[in-house]
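**Student:** Just dropping this structure here.
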Amino acid sequence: MSHATSPLDPYRITDEPYYEPVGHECELFSAACSHQLPLLLKGPTGCGKTRFVEHMAWRMQRPLITVSCHEDMTTSDLVGRYLLIGGETVWQDGPLTMAVRHGAICYLDEIVEARKDTTVVIHPLADNRRLLPIEKLGTLLRAPADFALVISYNPGYQSVLKELKQSTRQRFVALEFDYPQAHLEQLIIQKESGVSDEVAALLVQFAQLTRNLKGNGLEEGASTRLLVHAGRLMQSGRPATEACMAAITHALSDDPDLITAITALQESVFGAEDAQ
């Protein structure tokens, strides 16, 4: 007996994504969605924003459509376009339209990377109208109760050209993220990579030293994500300093002077005897 399929079946998360709450963010997310309020997640790269959204989508049993925004993304990339298929012109929904039409969570990651004329399309979705104008079809699509709009950005990368306009941000409930406190970050690294408590503690110590360099040459210090990468390399049998060089030091910068400085921090934590 065949079962009916939904266009959103590929976007359903069946296994629980691991996430350690740092406050009441899970409860705030649920409350915002229950009142059909859009959410803005802000915080540094690799601190867990995307994993948090995945965890909440799983917890709420909602499909999740994620869009990684970039400077060449057009409104058609989000909303949809006509395509020529088999000699016929066929309309194809974009990810935002699909989420609105079928009632999914749409997560626009790093929204400030998108062009300003592209982000304007979310404004009527992010207020009490909850409408998506589809100009090419000449229609207005009303979002169902299950639809949720979530956007994220990294305030650390803000500039005159890349900042979130007040006309956009004041439509959203904002949740601020940062790197977890040391004991919690250590637990996350252990769970995600399988390294020992002692190794996880050393990785957190190294990360905190690199984060002190932010604003002194580095745009960002080592993220929790990079620490997990290093831990996994260690678990595969690579020496600690080699794993850190590959997953953290060279991932943070290409500048020779900065690499030298980060390497010195790395060696102050892990030693230099197994460096290559």
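**Student:** Could you check which residue among S30, S196, S167 shows the biggest mean-square fluctuation in a GNM of the chain with a 10 Å Cα cutoff?
**Tutor:** Result for the chain, Cα springs under 10 Å: S167 fluctuates most.
**Student:** State whether the chain is rounded, prolate or oblate according to the following rule on the C-alpha gyration tensor (a ≥ b ≥ c being the square roots of its eigenvalues): a/c under 1.5 gives rounded; otherwise a/b larger than b/c gives prolate, and the remaining case gives oblate.
**Tutor:** prolate
**Student:** Continuing with the same structure: Can you report the principal axis dimensions of the range 54-147 using only the alpha carbons, biggest first, rounded to whole angstrom?
**Tutor:** 43, 26, 26
**Student:** Taking amide H positions as placed 1.01 Å from N in the peptide plane, with prolines and chain starts having none, which residues 5 or more places from T66, or on another chain, fall under 5 Å of its amide H?
**Tutor:** Under 5 Å from the amide H of T66 lie the amide H atoms of Y107, each far enough along the sequence or on another chain.
**Student:** A further question follows. Roughly how big is the range 9-176's charge dipole about its Cα centre, with Cβ charges of +1 (Lys, Arg) and -1 (Asp, Glu), in debye to the nearest 20?
**Tutor:** 520
**Student:** Across the range 9-15, in residue order, what do the Karplus-derived ³J(HN,Hα) couplings come to in whole Hz, using 6.51 cos²θ - 1.76 cosθ + 1.60 with θ = phi - 60° and x for Gly and Pro?
**Tutor:** Running phi through 6.51 cos²θ - 1.76 cosθ + 1.60 with θ = phi - 60° gives 3, x, 9, 8, 9, 8, 9 Hz.
**Student:** If contacts are Cα pairs under 8 angstrom and at least 6 residues apart, what is the relative contact order of the chain in percent?
**Tutor:** This gives 19 percent for the chain.
**Student:** Please turn the phi angles of the range 127-139 into ³J(HN,Hα) values with the Karplus equation 6.51 cos²θ - 1.76 cosθ + 1.60 (θ = phi - 60°), one per residue in order, whole Hz, x for glycine and proline.
**Tutor:** Result, rounded to whole Hz: 10, 5, 6, 6, 10, 10, x, 10, 4, 5, 9, x, 10.
**Student:** Further question on the same structure: Beyond a 20 Å Cα-Cα separation, which of these cross-linked pairs lie in this structure: K49/K116; K42/K165; K42/K214?
**Tutor:** From the list (K49/K116; K42/K165; K42/K214), the Cα-Cα distance tops 20 Å for K49/K116.
**Student:** While we're here: Considering amide H positions built from the backbone, and no H for Pro or chain starts, which residues 5 or more places from L175, or on another chain, come under 5 Å of its amide H?
**Tutor:** Amide H to amide H, under 5 Å and 5 or more residues apart or across chains, L175 pairs with L40, L41, K42.
**Student:** Here's another thing I want to ask about it. So what is the relative contact order of the range 182-270, in percent, for Cα pairs below 8 Å that sit 6 or more residues apart?
**Tutor:** The normalised contact order for the range 182-270 reaches 28 percent.
**Student:** What angle do you read, to the nearest 10 degrees and between 0 and 90, between the alpha-carbon axis of helix 224-235 and the longest principal axis of the chain?
**Tutor:** For helix 224-235, the angle is close to 60 degrees.
**Student:** Next question, about the same structure. Which whole-number percent of Cα pairs in the range 182-270 have a distance greater than 18 Å?
**Tutor:** Result for the distance tail: 34 percent.
**Student:** Can you compute 3J(HN,Hα) from phi for each residue in the range 203-208, using the Karplus curve 6.51 cos²θ - 1.76 cosθ + 1.60 with θ = phi - 60°, rounded to whole Hz and x for Gly and Pro?
**Tutor:** Per residue, the Karplus-derived 3J(HN,Hα) values read 4, 5, 4, 4, 4, 5 Hz.
**Student:** Among the DSSP beta bridges whose two residues both lie in the chain, what percent are antiparallel, rounded to the nearest 5?
**Tutor:** Once the DSSP bridges in the chain are tallied, antiparallel ones form about 35 percent.
**Student:** Mind listing the long-range amide H neighbours of M73? Cut-off is under 5 Å, sequence gap 5 or more, other chains count too, H placed in the peptide plane at 1.01 Å from N.
**Tutor:** R115
Every number here is computed from the coordinates shown, using simple stated rules; none is lab data. All values derive from a computational prediction rather than experimental measurement. Note that each Cβ is placed from the backbone with ideal geometry, even for glycine, and that neighbours are counted across all protein chains shown.
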